[in-house]
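Beneath this line is the structure, given in structure tokens, with notes to follow.
The values are calculated or read from the model by the stated rules, or taken from the named source; none is laboratory data. Since we're looking at a predicted model, the values are computed, not measured. Ideal geometry is used to build each Cβ from the backbone, glycine not excepted, and the neighbour counts take in all protein chains shown. Ligands, DNA and RNA are stripped out before the accessible areas are found, and what is left, the full protein with its side chains, is counted by its heavy atoms. Shrake-Rupley method; radii C 1.70, N 1.55, O 1.52, S 1.80 Å.
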Amino acid sequence: MSIPRCEHPKPQFERKNWLNLNGQWDFCYDNGRSGIARKFYENGDFNLKITVPFCVESSLSGIGNKDFMYGVWYKRVVSLEDSQLSGRTVLHIGAADYKTTVYINGKNAGCHIGGYVSFSFDITEFVKCGENEIVIYCEDDTRDPMVPRGKQSELYYSHDCDYTRTTGIWQTVWLEFTPFSFVKSFRFYPDYRTATVNITGELTGCENLKVKAFYEGREVGHSEIDNCAGTFSLNLNLSETHLWEVGKGRLYDLEITFGEDSVKSYFGLRNIWFDGFKFMMNGKSVFQRLILDQGFYPDGIYTAPSDEELLNDIRRSMACGFNGARLHEKVFEERFLYHCDKEGYLVWGEYANWGLDHTRAEGIYSLLPEWLAEIDRDFNHPAIIGWCPFNETWNMYGREQYDDLLRMIYRVTKTADKTRPCIDTSGNFHVETDIFDLHDYNQDVESFKAQNDEILKTGVPYDRFSDRQTYTKGQPVFISEYGGIKWSPVEGNSHVVSWGYGDAPKSEEEFKERYKGLTDALLDNPCIFGFCYTQLTDVEQEQNGVFTYDRKEKFPSEFFFNVNSRKAAIED
């Protein structure tokens, strides 16, 4: 049987000794969440089949059940050889929503809470030569106010800008085999000015450490430490300088060898910062021409049907003149970020905070652990140029957000990563933030321009929520959501009733005029460093994408490219 999503899921931390476990697994429901008490991990009635890594709701899973499911079980038997078991055996799960417990040969091997970031368990003590039974149990409740759900609908049907749910495993499951002395983690700190990269990391065991950098196959840097253990820090001086830039993802390959352990990785040579209103990359002002990307697929829901489709979405966006995306209300898989890195595509790392009750202080326990795990997992990706843990923290149950929750997450983010800016809560309501971003879905071109030109006259941007958030003069300004123009072309009719923002244009020409007018207003403003148009594709009933849900053009890409790609007032 061919293996779906067979590519290595961690291109920045790749070992050659691994085993992809995607494909057909035995499956059963446990809506009463009584399976642990009934010992499903020993004798469960796995009466269905499911294709991993696709969620139960998706057609690609082979099941396609879109109802609420509170507990689901997976089982598979894997045959292992002595040669694979000479060191450590680690089970990795790219992502599973929401609480995941793993059993190996009937023994509890670990539990993970969180629906979006990869995790792993060392199962060395539980496996044996020959057949091994792996059982995975996932619990989920999208209506629990302490469970972040992103854009998964809390109602039975999808509605407005909430869509089909994702339950259980939705990214690749794999085994990895390592020596007992191994590389645990590493971080890259490149400096384009000196053509160097500082590498820090953690090790288990004591061995000689060697690091080599390559560019297009040529060795361009080398460093080593004898008898290295615990933590390490080393500098690589690069003999060739190739900058990572927008549209030009010039990547250096890395080989990190620690005794018998060998890890392949890569990095990009780039630095970012703000100079007043300007977003700077490698000393140049860069205007962020972003698209809102929610990462939904008609057949895979949260999971792209193929690695090629991940890349295709990036290329569709770039063909329309966008140079990046807000990865919205979802933590995207590492393969997507890998393609962003290769293409020179700017992205904001965000979290799926919707559904979490941010009016309660204890919400920090539901968000902070996985948010820090996301920062740690994705820190080395040059494509990520900012972090945003919250989006639109509206009042819930008649209560305002708990400001100290947002403030604490912002401050911890800045402690975890000092190299990137952080937006505390995109759009509203800001508490403590590096960037003052706004969402503006005004569809009238003239008043939209007048509002956004307000900062040119007063030094303060127009803000619908000035009673709830305060702008600090001189702070960078970002219109991180705008547009969202409804347009649903169908045969014989220019548009149909759908969910979106404002009134739908009555003709293609009206759409184009509106799009150009709104976008020109932002490109021409010397106090705005970027925009993010809503959105890349339609998602179910929300039909305001540049492309349809099945990725067909609504308008020629050349139209968007010509509007988006001209020089912005703030750019060098």
Query - Residues (assigned to a loop (DSSP other than H, G, I, E, B) and without any contact (Cβ under 8 Å) to a residue 60 or more places away in the chain) located in the stretch 121-142 - result: ILE123, VAL127, LYS128, CYS129
Requested in this report: Take the residues in the stretch 121-156 that are open to solvent by less than 40 Å² (accessible area, probe 1.4 Å) and among the basic types (Lys, Arg), then tell me which one is farthest from ARG377 (Cα to Cα).
Outcome: LYS151
Requested in this report: Go through (1) farther than 20 Å from ALA325 by Cβ; (2) in contact (Cβ under 8 Å) with a residue 24 or more places away in the chain one by one and return the number of the condition LEU536 breaks.
Outcome: (1)
Requested in this report: Could you give me the residue pairs with C-beta distances under 7 Å whose first residue belongs to the stretch 178-195 and is without any contact (Cβ under 8 Å) to a residue 60 or more places away in the chain, whose second residue is part of a strand (DSSP E or B) wherever it lies, and which are 6+ apart or on separate chains?
Outcome: LYS184/GLU202; LYS184/LEU203; LYS184/THR204
Query - Condition check for ILE570: over 25 Å from LEU310 (Cβ atoms), within 25 Å of the chain's Cα centre (by Cα) and at pLDDT 95 or above - result: no
Report summary line: Here the residues within the stretch 383-395 that are part of a strand (DSSP E or B) and without any contact (Cβ under 8 Å) to a residue 60 or more places away in the chain are ILE384, GLY386, TRP387, PHE390
Requested in this report: Answer yes or no: is there a residue in the stretch 552-563 that is farther than 16 Å from PHE322 by Cβ and either of a type in the set (Gly, Ala, Ser) or open to solvent by less than 10 Å² (accessible area, probe 1.4 Å) (or both).
Outcome: no
Query raised in the report: Considering the stretch 270-317 alone, what residues qualify as being of a type in the set (A, V, I, L, M), out of contact with any strand residue (DSSP E or B) (no Cβ under 9 Å at 6 or more places or on another chain) and open to solvent by 10 Å² or more (accessible area, probe 1.4 Å)?
Result: LEU311
Requested in this report: Starting from residues that are out of contact with any strand residue (DSSP E or B) (no Cβ under 6 Å at 6 or more places or on another chain) and closer than 27 Å to TRP273 by Cα, keep the ones in the stretch 188-225 and report whichever is most open to solvent (accessible area, probe 1.4 Å).
Outcome: ARG193
**Report entry** Complete set of residues in the stretch 45-55 that are touching a Gly at 6+ places or on another chain (Cβ under 9 Å) and either under 9 Å from ILE169 (Cβ atoms) or acidic (Asp, Glu) (or both)
**Finding:** ILE50, VAL52, PRO53, PHE54, CYS55
Query raised in the report: TRP170 passes all but one of (1) closer than 19 Å to GLU333 by Cα; (2) touching a strand residue (DSSP E or B) at 6+ places or on another chain (Cβ under 6 Å); (3) crowded, with 16+ Cβ neighbours inside 10 Å; which number fails?
Result: (2)
Query raised in the report: Of the residues that sit in the stretch 244-296 and are in contact with a Pro (Cβ under 6 Å, 6 or more places away or on another chain) and either without any contact (Cβ under 8 Å) to a residue 24 or more places away in the chain or acidic (Asp, Glu) (or both), which one is nearest to PHE560 (Cα to Cα)?
Result: ASP261
**Report entry** Flag if ILE375 is in contact with a strand residue (DSSP E or B) (Cβ under 9 Å, 6 or more places away or on another chain), assigned to a strand (DSSP E or B) and closer than 22 Å to LEU254 by Cα
**Finding:** no
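So that you can scan it fast, the table gives a plain yes or no per residue for (1) modelled with pLDDT under 95; (2) of a type in the set (Lys, Arg); (3) touching a Lys or Arg at 6+ places or on another chain (Cβ under 8 Å); (4) under 29 Å from HIS439 (Cα atoms):
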site: SER239; (1), (2), (3), (4): no, no, no, no
site: TYR252; (1), (2), (3), (4): no, no, no, no
site: VAL263; (1), (2), (3), (4): no, no, yes, no
site: ASN271; (1), (2), (3), (4): no, no, yes, yes
site: PHE274; (1), (2), (3), (4): no, no, no, yes
site: LYS284; (1), (2), (3), (4): no, yes, no, yes
site: GLN294; (1), (2), (3), (4): no, no, yes, yes
Report summary line: Per the filter on the stretch 515-551, residues surrounded by fewer than 19 Cβ atoms within 10 Å (Cβ to Cβ) and over 24 Å from LYS278 (Cα atoms) are GLN541, THR548, TYR549, ASP550, ARG551
Query raised in the report: How about the stretch 235-330: which strands (runs of 3 or more DSSP E) wholly inside it have at least 3 residues that are within 17 Å of GLY221 (Cβ to Cβ) and hydrophobic (A, V, I, L, M, F, W, C)?
Result: 251-258
Query raised in the report: In this structure, does LEU236 turn out to be open to solvent by less than 60 Å² (accessible area, probe 1.4 Å), under 19 Å from HIS381 (Cβ atoms) and not acidic (Asp, Glu)?
Result: yes
Report summary line: Here, helices (runs of 4 or more DSSP H) confined to the stretch 396-482 with at least 2 residues that are of a type in the set (D, E, K, R), under 23 Å from the mean Cα position of the chain (by Cα) and surrounded by 14 or more Cβ atoms within 10 Å (Cβ to Cβ) are 403-416
Query raised in the report: Based on what the data block shows, is CYS228 touching a Cys at 6+ places or on another chain (Cβ under 9 Å), more than 30 Å from PHE279 (Cα to Cα) and either of a type in the set (Asp, Glu) or surrounded by fewer than 17 Cβ atoms within 10 Å (Cβ to Cβ) (or both)?
Result: no
Requested in this report: Among the residues of the stretch 371-395, write down those that are buried (at least 22 other Cβ atoms within 10 Å of the Cβ) and more than 30 Å from LEU269 (Cβ to Cβ).
Outcome: PHE390, ASN391, THR393
